[in-house]
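One structure is given below, encoded as structure tokens.
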């Protein structure tokens, strides 16, 4: 018995070592980016771990070099945060509204709306790329924040996540609230959204991540550097900053670490709710 | 009262209905007519070309590259992502404690912007990098990575596998946790070793998870854009050219709206047909093996 126990312990120890090594590989690109952004310039990419710390890349990023104008990096970070927040917030709220209508209310045409959303969800979005751009242009929204925000205000995926969850809420809960004289909005905000907190966390995290790293659409509709998201600005700087890898790494850190931080803050809730997304 | 009930439903659904009309139905209708015209986004006159855009696209070598490369990426990405994510899931599943710490850690690559990671990959693979210096010191030479077609395809595939594995591992993990322990206990009593148990119990019962991961990964290969756009521009010699690069190039760099929309339709068709065929193959394989 003693023997098998110590063998089991050895096995577990090996497993932890393996898991930790794999974890290091998985986060290695993040570490590399962070280390290189803090490296003295002659060491960038030349060594894996810099021999001394230097903030020159960050200074250069915001002040610009002798021959290069500073780019609005912080503004771009703000733009990313603005667009991702507004879009995600709206997708969560409207997802709950429409999900509630589909799951709880009975009205004529509910099945039609439901099936239409399914059709919408599975229709290949790539076909809509060019015409949606033309529409945005025709509406006079080219080069505006609204161009990045408006087309994404409602998410079919979020609607179905909420609808599926709301269907599992006992009818009596809603009926009791109605008898107390609560209106639909009050029921949604006071009862349904609080009950659906695990759904909200998951929907929020996935949609926020997705919006934060969007490239193609944002690149097409906004060319003005003052309105570009950080992801787009970084893309456009690949060529011009090619000779300055250090500042590019600093910009990469600016883009990557906020989203990692948001995720880590919510990671406990993420773990609790993730099974909602991945039911096979 | 009854009317009010009807109204409430439609009112709450209206945010969706409004955006669906504006940003789904109108573009959908527009795309149907767009593919029939040659239009440069600016000129007041559009030239009606009938099916000319389709004829041109079907003869285009650029489209052919995009078409073929998608299956090359698929051949590299799908098996690798299945094996890696299953491996990650097995590690997490067998850890006695801290399961979720490692699951969250493995998931972190999913948060990475393709742009930021392209930056790291370009730096690590640049000629003077510490990594290449190490390779030259150890093996005498280093590949020219992004300048060689086969390597460029592999590098981009590896980036995508890295990004998705931790996410797909969660799907496998859910599957693993659904397998009843008693099955393993019964098999152990019958004298089955760890490998036999894995082959006869774990793999067959994970079939639904395999199916989900496979379909997700296959579908994803038709939408590759960021990594080749930033890293290789589709090169060298179109080795990493993809559908979305071609759509972007035609519609937004050469301003050929009709032709770009046409390529997008072909992209969607190729995706639909390929996914359908692969689904059928995997399903009939599963039925033959008795997994479903």
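The values are calculated or read from the model by the stated rules, or taken from the named source; none is laboratory data. All values derive from a computational prediction rather than experimental measurement. Cβ: placed from backbone, ideal geometry, glycine included. Neighbour counts: every protein chain shown.
Residue by residue, here is whether (1) out of contact with any strand residue (DSSP E or B) (no Cβ under 7 Å at 6 or more places or on another chain); (2) assigned to a helix (DSSP H, G or I); (3) closer than 26 Å to residue B:120 by Cα; (4) touching a residue at least 12 places away in the same chain (Cβ under 8 Å) holds:
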residue	(1), (2), (3), (4)
A:13	yes, yes, no, no
A:25	yes, yes, yes, no
A:32	yes, yes, yes, yes
A:70	yes, no, yes, no
A:74	yes, yes, yes, yes
A:89	yes, yes, no, no
A:93	yes, yes, no, no
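This table checks each residue for (1) over 24 Å from residue A:259 (Cβ atoms); (2) in contact with a helix residue (DSSP H, G or I) (Cβ under 7 Å, 6 or more places away or on another chain).
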| position | (1), (2) |
| --- | --- |
| A:154 | no, yes |
| A:176 | yes, no |
| A:180 | yes, no |
| A:191 | yes, yes |
| A:198 | no, yes |
| A:202 | no, yes |
| A:205 | no, yes |
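Considering the range B:111-130, the residues that are facing chain A (nearest Cβ under 8 Å) and more than 22 Å from the chain's Cα centre (by Cα) include one that is surrounded by the fewest Cβ atoms within 10 Å (Cβ to Cβ), namely B:128. List pairs: first residue in the range B:197-219 and within 9 Å of chain A (Cβ to nearest Cβ), second residue loosely packed, with under 15 Cβ neighbours inside 10 Å anywhere in the structure, Cβ distance under 8 angstrom, at least six positions apart or on different chains. Filtered contacts from the range B:197-219: B:208/B:292; B:211/B:283. Would you confirm whether or not the range A:231-252 contains a residue that is over 19 Å from residue A:58 (Cα atoms), at pLDDT 85 or above and more than 10 Å from chain B (Cβ to nearest Cβ)? Scanning the range A:231-252 turns up no residue that is over 19 Å from residue A:58 (Cα atoms), at pLDDT 85 or above and more than 10 Å from chain B (Cβ to nearest Cβ).
Every residue, every condition in (1) surrounded by 20 or more Cβ atoms within 10 Å (Cβ to Cβ); (2) under 20 Å from residue A:26 (Cβ atoms); (3) within 9 Å of chain A (Cβ to nearest Cβ), yes or no:
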{"residue": "B:45", "(1), (2), (3)": "no, no, no"}
{"residue": "B:68", "(1), (2), (3)": "no, no, no"}
{"residue": "B:80", "(1), (2), (3)": "no, yes, no"}
{"residue": "B:86", "(1), (2), (3)": "yes, yes, no"}
{"residue": "B:89", "(1), (2), (3)": "yes, yes, no"}
{"residue": "B:94", "(1), (2), (3)": "no, yes, yes"}
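Hey, can you tell me all the residues within the range B:131-171 that are free of Cβ contacts under 8 Å to residues at least 40 places away in the same chain and buried (at least 19 other Cβ atoms within 10 Å of the Cβ)? Within the range B:131-171, B:132, B:145 meet the criteria.
Looking only at residues in the range A:34-53 that are in contact (Cβ under 8 Å) with a residue 40 or more places away in the chain and outside any helix (DSSP H, G or I), the one that is nearest to residue B:87 (Cα to Cα) is A:45. Number of residues in the range B:237-270 that are under 21 Å from residue B:74 (Cβ atoms), at the interface with chain A (Cβ under 8 Å from one of its Cβ atoms) and free of Cβ contacts under 8 Å to residues at least 12 places away in the same chain equals 1.
Being touching a residue at least 40 places away in the same chain (Cβ under 8 Å) and out of contact with any helix residue (DSSP H, G or I) (no Cβ under 9 Å at 6 or more places or on another chain) is the requirement here; does residue B:77 meet it? For residue B:77, the condition - touching a residue at least 40 places away in the same chain (Cβ under 8 Å) and out of contact with any helix residue (DSSP H, G or I) (no Cβ under 9 Å at 6 or more places or on another chain) - is not met. Evaluation of residue A:186 against the conditions (1) touching a helix residue (DSSP H, G or I) at 6+ places or on another chain (Cβ under 8 Å); (2) assigned by TED's automatic domain parsing to the domain that holds residue A:163; (3) not in a helix (DSSP H, G or I) shows that the sole unmet condition is (3).
Counting only helices (runs of 4 or more DSSP H) that fall entirely inside the range A:105-173 and contain at least 3 residues that are more than 10 Å from chain B (Cβ to nearest Cβ), the qualifying elements are A:110-122, A:145-149, A:156-167. Only a single item in (1) more than 20 Å from residue A:101 (Cα to Cα); (2) touching a helix residue (DSSP H, G or I) at 6+ places or on another chain (Cβ under 8 Å); (3) not in a helix (DSSP H, G or I) is not met by residue A:224, and it is number (2). For residue B:291, the criteria (1) touching a residue at least 60 places away in the same chain (Cβ under 8 Å); (2) assigned to a helix (DSSP H, G or I); (3) more than 20 Å from residue B:78 (Cα to Cα) hold in every case but one, which is (2). For the range A:258-280, the tally of residues that are over 20 Å from residue A:157 (Cα atoms), more than 7 Å from chain B (Cβ to nearest Cβ), free of Cβ contacts under 8 Å to residues at least 40 places away in the same chain and in contact with a helix residue (DSSP H, G or I) (Cβ under 9 Å, 6 or more places away or on another chain) stands at 2.
Taking the criterion of being more than 12 Å from residue A:274 (Cβ to Cβ) and at pLDDT below 90, the residues of the range B:96-110 that qualify are B:96, B:97, B:98, B:99. Figure legend. Inter-residue proximity from the range B:12-37: first residues on the phi < 0 side of the Ramachandran plot, second residues assigned to a strand (DSSP E or B), beta-carbon distance below 9 Å, spacing 6+ or different chains. Indicated pairs: B:36/B:48; B:37/B:47; B:37/B:48.
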